[in-house]
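Please read the structure below before turning to the comments.
The values are calculated or read from the model by the stated rules, or taken from the named source; none is laboratory data. From a predicted model like this one, the values you see are computed outputs, not experimental measurements. Glycine gets a Cβ as well: all are built from the backbone with ideal geometry, and neighbour counts include every protein chain shown.
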Amino acid sequence: MESDRSAFIDAMRSVASSVTVVTTNGAAGRYGATVSAFCSVSADPPTILVCLNAESRIAQHVIENQNLNINVLPQNADHIAQRFAGAHDKDIEDRFDNIPLNTDDVPSISGATVLSCEVDQVIPSGSHQIVIGKVMSVAKANNQPLTYYDGAYHQVTPIAVGAV
Ligand SMILES: Cc1cc2nc3c(=O)[nH]c(=O)nc-3n(C[C@H](O)[C@H](O)[C@H](O)COP(=O)(O)O)c2cc1C
């Protein structure tokens, strides 16, 4: 017997995640969206996954373009997370408008750690598409990550691990 949907969503509010913007460019055009369902799959070879709502424009663009950049946002970029979650879509036609980018091809957001990927596999699961990406290059930014937890953005605070 599967879990009640609202109990599942409530439980997931207690999971803290990094906040990324998935960007893509190619035959389908340039697009980007905020995604927290991102994780490392394997280092041999370097592989990641993201879970994208199958109905979303980002899923359709990534699958057609066969590429994606994972932009891991720094902690001061909550406004960029909101922009790419569509919060300003009514007022701003292009989500990339005035967002500082390092590249014009597949967009890399300035200040983010960027993993540039080719689509390796797309696996449908429930309402989402699991997109598995082969990591072709990385650009690390030494910034603290923006975090999403309990429906709000947070900063991470280190804990000094005590002696046993
Ligand atoms: C913090 C945060 C995390 C999100 N994580 C995901 C995610 O992991 N997968 C997803 O499909 N949408 C996620 N979303 C929602 C998308 O950003 C939003 O629906 C976006 O507009 C994509 O829809 P579109 O591609 O049709 O524009 C998240 C939104 C926020 C604010």
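Quick look at the numbers
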item: Some residue of segment 7-21 being outside any loop (DSSP other than H, G, I, E, B), away from the ligand (no atom under 11 Å from the Cβ), more than 14 Å from the chain's Cα centre (by Cα) and of a type in the set (Phe, Trp, Tyr); result: yes
item: Only listed residue being surrounded by fewer than 16 Cβ atoms within 10 Å (Cβ to Cβ), more than 13 Å from the ligand (Cβ to nearest atom) and β-branched (Val, Ile, Thr), chosen from 92, 123, 132; result: 123
item: Inter-residue pairs, beta-carbon under 9 Å, first closer than 21 Å to residue 20 by Cβ and in segment 146-163, second modelled with pLDDT of 95 or more and loosely packed, with under 10 Cβ neighbours inside 10 Å, 6+ apart; result: 149/14; 150/14
item: Odd one out for residue 78 among (1) closer than 16 Å to residue 151 by Cα; (2) surrounded by fewer than 15 Cβ atoms within 10 Å (Cβ to Cβ); result: (2)
item: From 68, 146, residue being under 16 Å from residue 26 (Cβ atoms), in contact with a strand residue (DSSP E or B) (Cβ under 7 Å, 6 or more places away or on another chain) and surrounded by 16 or more Cβ atoms within 10 Å (Cβ to Cβ); result: 68
item: Residues (in contact (Cβ under 8 Å) with a residue 60 or more places away in the chain, more than 8 Å from the chain's Cα centre (by Cα) and either more than 10 Å from the ligand (Cβ to nearest atom) or part of a loop (DSSP other than H, G, I, E, B) (or both)) located in segment 27-45; result: 30, 41, 45
item: Subset of segment 62-95 [closer than 15 Å to residue 107 by Cβ and over 14 Å from the mean Cα position of the chain (by Cα)]; result: 65, 94, 95
item: Yes/no for residue 102 being at pLDDT below 95 and away from the ligand (no atom under 11 Å from the Cβ); result: yes
item: Any chance residue 27 is under 22 Å from residue 106 (Cβ atoms) and touching a Cys at 6+ places or on another chain (Cβ under 9 Å); result: no
